[in-house]
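Down below is the structure, laid out as structure tokens.
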Amino acid sequence: IKEDVSSALHKTVAEKYLALSTIYNSCGRLPEAVSFTRKACMIYERVCGIDSFEVLRTLSNLAVLEFSNESYVNTALVYKRIVNTVQSLNLVATHHPIVVSALSHLEQIALGIEDPRLAIEILKHLSDIIASLDGKRSLAFAYVESRIGNLYATLNIIPRALEHIAVTKDIFAEQLGINHELTAQAKQWNEGLTNLIKNKQRQKSLEEEQ
């Protein structure tokens with residue numbers, strides 16, 4: 001492909017990059033496929049605009065390739081970019097197909113990751129997207145925050161676990177009622193983690209005094 005200054009920023013060049021990406025993907029050469037898709041996206045941004053259909057289409061392709069290449073953080077970042085772009089077009093309804101795809105893929109990624117730290121990073125991106133779409137008082141936001149808190153607890157990072165669990169208690173009570181199982185669990189988690197932190201602080205103070 002000719003890439004001098006006069007020809008590189010044309011839609012036809014971007015289309016050829018996408019065609020090359022498809023070929024490399026079919027041959028199982030995902031890194032090259034990702035690279036060509038990124039180049040196509042950069043050209044479409046310059047030629048068609050960052051909120052154009054061409055950019056959204058290419059970003060969707062890029063997200064799928066990043067996922068296939070097991071680059072999960074990159075996948076999350078691409079989906080986050082897609083949702084931000086959709087928002088700029090006032091297409092922010094949670095039932096919009098491209099938003100549904102982004103949310104479902106991020107959830108699948110988080111569920112399939114065995115590394116808790118990486119899962120937390122992915123879920124934080126998902127949480128940011130949900131907050132931007134539905135706000136920080138929605139059930140979906142509380143579900144994700146609860147999962148982040150649970151993962152921090154498995155890593156024994158208790159203050160961070162409490163930070164995320166604490167925000168869910170009132171949301172569950174408001175959305176599901178004070179007698180709902182999830183509300184009760186969130187309350188128990190909140191109290192348990194708070195007491196655990198206090199006990200650790202008390203133990204540390206005793207050790208320092210000795």
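The values are calculated or read from the model by the stated rules, or taken from the named source; none is laboratory data. Because the structure is a prediction, the values reported are computed rather than measured. Cβ: placed from backbone, ideal geometry, glycine included. Neighbour counts: every protein chain shown. Accessible surface areas use protein heavy atoms only, side chains included; no ligands, DNA or RNA. Shrake-Rupley method; radii C 1.70, N 1.55, O 1.52, S 1.80 Å.
Some notes on this structure:
- Within the stretch 179-208, considering residues that are farther than 14 Å from residue 153 by Cα, modelled with pLDDT of 90 or more and of a type in the set (A, V, I, L, M), the one surrounded by the most Cβ atoms within 10 Å (Cβ to Cβ): 182
- Residue selected from the stretch 23-37 under the condition of a type in the set (Ser, Thr, Tyr) and buried (at least 17 other Cβ atoms within 10 Å of the Cβ), by the criterion nearest to residue 11 (Cα to Cα): 37
- Within this structure, residue 106 fails the test of being within 29 Å of residue 15 (Cα to Cα), touching a residue at least 24 places away in the same chain (Cβ under 8 Å) and touching an Asp or Glu at 6+ places or on another chain (Cβ under 9 Å).
- Filter pass, residue 114 being in contact with a helix residue (DSSP H, G or I) (Cβ under 9 Å, 6 or more places away or on another chain), open to solvent by 20 Å² or more (accessible area, probe 1.4 Å) and within 28 Å of residue 74 (Cβ to Cβ): no
- Answer from 127, 88 - the residue that is open to solvent by 40 Å² or more (accessible area, probe 1.4 Å) and small (Gly, Ala, Ser): 88
- Positions within the stretch 167-209 being basic (Lys, Arg) and over 16 Å from residue 149 (Cβ atoms), in sequence order: 198, 200, 202, 204
- Residue ID - nearest to residue 9 (Cα to Cα), chosen from residues in the stretch 38-52 that are small (Gly, Ala, Ser) and surrounded by fewer than 21 Cβ atoms within 10 Å (Cβ to Cβ): 49
- Within the stretch 180-207, the residues that satisfy the criterion of being acidic (Asp, Glu) and under 34 Å from the mean Cα position of the chain (by Cα) are 181, 191.
- Within the stretch 46-81, the set of residues being of a type in the set (A, V, I, L, M) and assigned to a helix (DSSP H, G or I) comprises 47, 55, 56, 59, 62, 63, 64, 65, 73, 76, 77, 78.
- Scanning the stretch 13-22 for residues that are open to solvent by less than 80 Å² (accessible area, probe 1.4 Å) and either closer than 12 Å to residue 69 by Cβ or among the hydroxyl-bearing types (Ser, Thr, Tyr) (or both) yields 17, 21.
- The single residue among 98, 109, 43 that is within 23 Å of residue 16 (Cβ to Cβ) and part of a helix (DSSP H, G or I) turns out to be 43.
- Considering 140, 166, the condition of being surrounded by fewer than 21 Cβ atoms within 10 Å (Cβ to Cβ) and more than 15 Å from residue 103 (Cα to Cα) is satisfied by 166 alone.
- Residue match in the stretch 139-161 (condition: more than 22 Å from the chain's Cα centre (by Cα) and aliphatic (A, V, I, L, M)): yes
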